Amino acid sequence: MSDNFNRMLQLAEDFFDAKSDPDQIAVTEEDREKLLALHPASMSEYIIGDGPVVWLLGIPTTRKIMNKFLNAEISEKQLLQETVIGDKFDAVYLCSALVLPEYRHQGLALKVAMTALDAIKKDHPIKYIFTWPFSSEGKSLATAIARKSNLPLLERINK
């Protein structure tokens, strides 16, 4: 495994601590398989040198599931579980974006996100993007994606 890959794994664990939160998507092998089956662009990365410097997770789903998540009726993990492979999706959950510290503030996460969103939009009539920001940087990225894609951004508020 590359040094960048190991650093990204550590960054993900440090920031999200998904192992200790059963409601978060832990991105297990089973989760990765489902994400890729939903759409190959669900998991995207930007590689420089020996491995990824940006990881992005965007989950295509339906407006019905989006609304349940935004209203805190279901968890992030349930959002993935309830999303059915083969459905026509009209929403994308901007789940997470991780960037190695030395590559931040260069527009790479936005570039990866727009490439992924454009790929998903080729196959699905996406009308909404939504998020549950964990940081001010995440909120800024989601806002930039909404602006650039000309899609409304909906946000889950902690309840």
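Annotations
- Summarising the label geometry, the points placed 7 Å from Cα in the beta-carbon direction at THR115 and LYS139 lie 2.9 nm from one another.
- For the chain, the number of Lys pairs separated by eight or more positions or lying on different chains, with C-alpha atoms closer than 17 Å, is 21.
- Convex hull per residue volume in Å³, alpha carbons only, for segment 15-92: 107 Å³
- Sorting 104-113, 23-32 by average packing, meaning the other beta carbons within 10 Å per residue, from highest down gives 104-113, 23-32.
- Scaling the Cα radius of gyration of segment 71-159 by the globular reference 2.2 N^0.38 Å produces a ratio of 1.11.
- Mean Cα-pair separation over length for the chain, i.e. relative contact order, pairs under 8 Å, 6 or more apart, %: 23 percent
- Pair GLU155, ASP87: separation of 7 Å Cα→Cβ label points (nm): 2.5 nm
The numbers here are math on the coordinates, done by the rules we state, and not lab data. Treat the numbers as computed from the prediction; the structure is a model and nothing was measured. Cβ: placed from backbone, ideal geometry, glycine included. Neighbour counts: every protein chain shown.
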